[in-house]
Amino acid sequence: IRAAAFVLHVGSCIPRKRIDVLLDVFAALRVKHPDLRLVKVSGDWTQSQQEQITRFGIGDSIIHLKGLERMTLAALYRRASVVLLTSEAEGFGLPVIEALACGAIVAVSDIPVLREVGEAAVVYCPVADISAWVKTVEQLLETPTSAPECSLRLTQAHKYSWSTHAQT
């Protein structure tokens, strides 16, 4: 994988986001990719998440950001090796659309709402299946061309543009 590689998560740290899964997956990925970073945007760590970070010894590999400008967030989406959304439930999945609009490679939990939003433009993992997540993300890190084509990702995001919404 390339230097300064990072996986990105955008969203809160509430229980349905399954940040415990995100941290488990990241810790496992670090075994094979010790320079990999996790960039976490938004949300405050819960006590149990902080304990998990300490237990895995991954705190120095995590960059936690809040209150970013839209352009800065877009730049992170564009530079991320993979955007992860480990949720077990979502209302819509706006980070998926944002990531796709920036051409990012996206791996998400296989739940109906994210299937609807991501269609064939994202990669799906079984909810909370750590080994499947690790295998999938390793594949995407090591062979980014195994992800859906960038043109497909951009086309999927365009389905959710403001202009498309206004026409509907």
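A quick yes/no check of all residues on (1) open to solvent by less than 70 Å² (accessible area, probe 1.4 Å); (2) over 18 Å from Val7 (Cβ atoms):
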position: Glu90; (1), (2): yes, yes
position: Ala104; (1), (2): yes, no
position: Thr143; (1), (2): yes, no
position: Ser146; (1), (2): yes, no
position: Thr155; (1), (2): no, yes
Number of positions in segment 119-138 that are in a helix (DSSP H, G or I), in contact with a strand residue (DSSP E or B) (Cβ under 6 Å, 6 or more places away or on another chain) and crowded, with 19+ Cβ neighbours inside 10 Å:
3
Tally, over segment 106-118, of residues that are among the β-branched types (Val, Ile, Thr) and either within 14 Å of Arg18 (Cβ to Cβ) or open to solvent by 10 Å² or more (accessible area, probe 1.4 Å) (or both)
3
Restricting attention to segment 92-101, and to residues there that are more than 10 Å from the chain's Cα centre (by Cα) and touching a residue at least 40 places away in the same chain (Cβ under 8 Å), which single residue is surrounded by the most Cβ atoms within 10 Å (Cβ to Cβ)?
Leu100
The residue that is farthest from Pro126 (Cα to Cα), considering only those in segment 14-54 that are buried (at least 18 other Cβ atoms within 10 Å of the Cβ) and in contact with a Gly (Cβ under 7 Å, 6 or more places away or on another chain), is Ile53
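Hey, which of the helices (runs of 4 or more DSSP H) in segment 27-110, taking only ones fully inside, have at least 1 residues that are closer than 22 Å to Thr155 by Cβ? Walk me through how you get there before you give the answer.
On the way: elements: 47-56, 70-79, 94-101.
By residue number, 70-79, 94-101.
The values are calculated or read from the model by the stated rules, or taken from the named source; none is laboratory data. Predicted model only: the values in this text are computed from it and were never measured. In this analysis, Cβ positions are derived from the backbone assuming ideal geometry, glycine residues included, and neighbour counts consider all displayed protein chains. With ligands, DNA and RNA removed, areas are computed over all heavy atoms of the protein, side chains included. Shrake-Rupley method; radii C 1.70, N 1.55, O 1.52, S 1.80 Å.
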